[in-house]
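Read through the structure below, which is laid out as structure tokens, and then see the notes.
The values are calculated or read from the model by the stated rules, or taken from the named source; none is laboratory data. Quantities reported herein were computed from a predicted structural model and do not represent experimental measurements. Cβ placement follows ideal geometry from the backbone for every residue including glycine, while neighbour counts extend to all protein chains displayed.
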Amino acid sequence: MVFGRWQELVGSSLAACCQPVAVRDGVLVVAITDPAWATELRFLAPSILRRVEELAGRPVASRLEVRVRRPEGPR
């Protein structure tokens, strides 16, 4: 549910630069390309987790972990 409805959960602007990569042991892991957006995502974590729970109809994760990953390309 989180992966298929990510844009709906976080909005198109945020979804354009981040994506969920895993849900493990109550932690939603999200990869993001820009450190500035990472700060925003961390700030929004409580509301994102509430939205995930609302859409899923049950708790999915109790914590959101943000990992900054630069896009791969030529060096």
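Here is a list: Arg50, Arg70, Arg24, Arg58. Which entry is modelled with pLDDT under 90 and loosely packed, with under 13 Cβ neighbours inside 10 Å? Quick ask: steps written out before the conclusion?
Numbers: Arg50 fails: modelled with pLDDT under 90; Arg24 fails: modelled with pLDDT under 90; Arg58 fails: modelled with pLDDT under 90.
From the options Arg50, Arg70, Arg24, Arg58, the qualifying one is Arg70.
Residue by residue through the stretch 32-47, note down the ones that are small (Gly, Ala, Ser) and crowded, with 16+ Cβ neighbours inside 10 Å.
Scanning the stretch 32-47 gives Ala38, Ala45.
Might you let me know whether the stretch 1-17 holds any residue that is surrounded by fewer than 15 Cβ atoms within 10 Å (Cβ to Cβ), among the acidic types (Asp, Glu) and assigned to a loop (DSSP other than H, G, I, E, B)?
No, there is no match, as no residue in the stretch 1-17 is surrounded by fewer than 15 Cβ atoms within 10 Å (Cβ to Cβ), among the acidic types (Asp, Glu) and assigned to a loop (DSSP other than H, G, I, E, B).
Please count how many residues of the stretch 1-13 are over 12 Å from Leu64 (Cβ atoms) and touching a strand residue (DSSP E or B) at 6+ places or on another chain (Cβ under 9 Å).
Qualifying residue count, the stretch 1-13: 2.
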